[in-house]
Amino acid sequence: MGKLKTPDWVLKGGKKPEKKAKEKGFKIRRCPKCSSNKVNVLLTGEEGKSAKEWECKKCGWKGKNIDEEELSEEEFMKYLDENGKEVA
């Protein structure tokens, strides 16, 4: 095993570099069959306690493998505008 190298920021006497804040992403779920965003979670089991499946309201698809798309805030706002959703 080799020697550990002292980080540059220690050698230069500076502060530890700050990590960039991760931009929050917005997730959109789509049907894998028809790509519609009209999908709902199916509540199954005793008193609807399990939520492991999805259902598409447009084509009737049911399953577990839902397509998820992550958008930035700007892309998400554009998505809402295109779909006629109002932002409160």
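Within segment 55-77, track down each residue that is more than 16 Å from the chain's Cα centre (by Cα) and outside any loop (DSSP other than H, G, I, E, B).
55, 56, 62, 63
Got a number for residues in segment 8-42 being surrounded by 10 or more Cβ atoms within 10 Å (Cβ to Cβ) and at pLDDT 80 or above?
Of the residues in segment 8-42, 17 are surrounded by 10 or more Cβ atoms within 10 Å (Cβ to Cβ) and at pLDDT 80 or above.
State all residues of segment 67-84 that are of a type outside the set (Phe, Trp, Tyr) and either over 14 Å from residue 37 (Cβ atoms) or surrounded by 10 or more Cβ atoms within 10 Å (Cβ to Cβ) (or both); if no residue qualifies, say none.
67, 69, 70, 71, 72, 73, 74, 75, 77, 78, 80, 81
Those residues that are small (Gly, Ala, Ser) and assigned to a helix (DSSP H, G or I), I need them from segment 32-54; list them, please.
Scanning segment 32-54 gives a single hit, 48.
The values are calculated or read from the model by the stated rules, or taken from the named source; none is laboratory data. Bear in mind the structure is a predicted one, so any value in this text is a computation, not a measurement. All Cβ positions, glycine included, derive from the backbone under ideal geometry; neighbour counts span all protein chains shown.
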